[in-house]
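Since the structure comes first, as C-alpha cells, the remarks are kept for the end.
The values are calculated or read from the model by the stated rules, or taken from the named source; none is laboratory data. What you are looking at is a predicted structure, and each value in this text was computed from that prediction instead of being measured. Note: ideal-geometry Cβ built from the backbone for every residue, glycine included; neighbour counts use all protein chains shown. Quick note on the areas: whole protein, heavy atoms, side chains included, nothing else; ligands and nucleic acids left out. Shrake-Rupley method; radii C 1.70, N 1.55, O 1.52, S 1.80 Å.
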Amino acid sequence: MRAQSSATNTPAIAVGTPDREHPGREHPSQEHPDRERPGLGILQAALGVTAFSLTFPATAWGLEGFGPWSLVAVRCVLAALIAGGCLLVLRVPLPARRHWPGLAVVAAGVVLGFPLLTTLALQTSTTAHAAVVVGLLPLTTALCSALRVGSRPSRTFWAAALAGAAAVLAFTAGQSGGALTTADLYLFAALLVCAAGYTEGGRLARVMPGWQVIGWALVLCLPLTVPVAALALSYEPVEPTAHSVAGLLWVAAGSQFAGLVVWYRGMAAIGIPRASQLQLAQPLLTLVWSVLLLGERLTVAAPLTAAAVLVCIAVTQRARG
C-alpha cells in the first residue's frame, strides 16, 4: 500500500532486503509492486470477491454428499496440498518468525473458523439468509483494520460503508422473510473471526506475497486438518455426487486458495478498508449464483439493491482519508 492511501493513513511497510548495517531492518526503497498499481489491486480484489460469491452455493452442493465436518476438513487439506505444492516447487523460504503469529490468526479465522461456522449454518439456513454475514463483513473488516493497523478512513467513507451495509442487510433480510434462525449465532461468529483473518492477512500481504500468506496459513493447519478429515470421514456418511464433488473442489481450490491469493494481493495494493467495501457486492453475486445453480428465486428488489451497492462502492473508492 502507498504511504498515503486514499482510504487510510497507515504508513507503508517496506519490502526488501535487510539493511546491512541493521540486520532485520527492511530497505525502505523496496515497495510491493502492486501498491503502485491501484487499478490492478481493485481488479484482483474484485476477482477475489467473485470467487468468494460462489462459496455458499458450492458449499450447499458439497453438503449434498458430505457431512459438514468432512466437507470443511477435506477442503482445507486439499487447499493445503495445492498451496504446499506451490511453495515447495518455487522453493519459498519459511516466513520470518515475527510473521507466524499473524499467520496463525489468518489460519484460525479464514482457513478454519469461517468455513466451519458457515458450513454449519448452511445446514439449516438458505444461502440468501447466510449472505447477511457477508453483507456485514466489509464494515467489520474496516473496523478491525482501524483497531489493528491504525487506519483512519474519512467520514464520507464510513457513511457510504454504513449505507451499503444497510442496503445489503435489508435485501438479504427481505429474501429470508426477515426471520432470525438458529444459524445466526454461527453466522455472527463467522463474521468476527473472518474479519480478524482478513485484516491480519491484508497486513501480512504488504510484506510478503499474498499467495504465500494464505499458502503458509493452510500448511500451518495440516497437522490439525488431516486427522480431523480422517475422523470425520469415518463417522459422517459420505455419498459423493457430481454436485458434491464439484462443490468440494471449488471451495478447496477456488474459495480457499485462488480467491484468497488475489484477495490479499488486492488488499495490499489498495488498502484493507477500500478492498473490504468491494465485498458489498458479494451477497448480490451469491444470490445470482443461487438462482442459477440452486434454483432459488430472486425478487425484483435485486437490481435496485445492486444499483445502490454499486453507488456505495464508487463512493468508498473515491473517499479521501
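Only residues that are of a type in the set (A, V, I, L, M), open to solvent by 10 Å² or more (accessible area, probe 1.4 Å) and under 13 Å from Gly102 (Cα atoms) were counted across region 194-227, and they come to 4.
The number of residues in region 283-321 that are modelled with pLDDT under 80 and part of a loop (DSSP other than H, G, I, E, B) comes to 8.
From the list Leu233, Leu280, Leu260, the one residue that fits, being closer than 17 Å to Leu116 by Cα, assigned to a helix (DSSP H, G or I) and at pLDDT below 90, is Leu260.
The condition (being within 16 Å of the chain's Cα centre (by Cα) and in contact (Cβ under 8 Å) with a residue 40 or more places away in the chain) is satisfied by just one residue among Ala205, Ala183, Ala163: Ala205. In summary, Leu191 fulfils each of the numbered conditions (1) in a helix (DSSP H, G or I); (2) farther than 30 Å from Val89 by Cβ; (3) modelled with pLDDT under 85 with the single exception of condition (3). Looking only at region 121-130, residues that are of a type in the set (S, T, N, Q) and assigned to a helix (DSSP H, G or I) come to 1 in all.
Checked against the criterion of being in a helix (DSSP H, G or I), under 30 Å from Leu222 (Cα atoms), touching a residue at least 24 places away in the same chain (Cβ under 8 Å) and open to solvent by less than 50 Å² (accessible area, probe 1.4 Å), region 148-157 has at least one qualifying residue.
Do we find that Thr124 is surrounded by fewer than 24 Cβ atoms within 10 Å (Cβ to Cβ) and farther than 30 Å from Arg274 by Cβ in this structure? Criteria met by Thr124. Of the helices (runs of 4 or more DSSP H) lying entirely inside region 47-112, those containing at least 3 residues that are within 22 Å of Leu292 (Cβ to Cβ) and not charged (D, E, K, R) span 55-62.
Taken over region 166-179, the residue count meeting the criterion of being without any contact (Cβ under 8 Å) to a residue 12 or more places away in the chain and open to solvent by less than 40 Å² (accessible area, probe 1.4 Å) is 0.
Comparison of Thr140, Thr118 shows that the only residue that is free of Cβ contacts under 8 Å to residues at least 60 places away in the same chain, assigned to a helix (DSSP H, G or I) and open to solvent by less than 40 Å² (accessible area, probe 1.4 Å) is Thr140.
Pairing residues of region 260-271 that are closer than 19 Å to Arg75 by Cα and of a type in the set (Val, Ile, Thr) with residues that are open to solvent by less than 10 Å² (accessible area, probe 1.4 Å) and assigned to a helix (DSSP H, G or I), at Cβ distances under 7 Å and at least 6 apart in sequence or on separate chains, gives Val261/Gly210; Val261/Ile214; Val262/Gly48. The criterion of being within 18 Å of Ala142 (Cβ to Cβ), open to solvent by 30 Å² or more (accessible area, probe 1.4 Å) and not acidic (Asp, Glu) holds for Arg318. The residues on offer are Ala253, Ala246, and the sole one that is assigned to a helix (DSSP H, G or I), at pLDDT 90 or above and farther than 26 Å from Val106 by Cβ is Ala246. The number of residues in region 81-99 that are among the β-branched types (Val, Ile, Thr) and surrounded by 15 or more Cβ atoms within 10 Å (Cβ to Cβ) comes to 2.
One line per residue, one yes/no per condition, for (1) under 13 Å from Ala161 (Cβ atoms); (2) open to solvent by 10 Å² or more (accessible area, probe 1.4 Å):
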position: Gly247; (1), (2): no, no
position: Trp263; (1), (2): no, no
position: Gln279; (1), (2): yes, no
position: Ser290; (1), (2): no, no
position: Leu294; (1), (2): no, yes
position: Ala302; (1), (2): no, yes
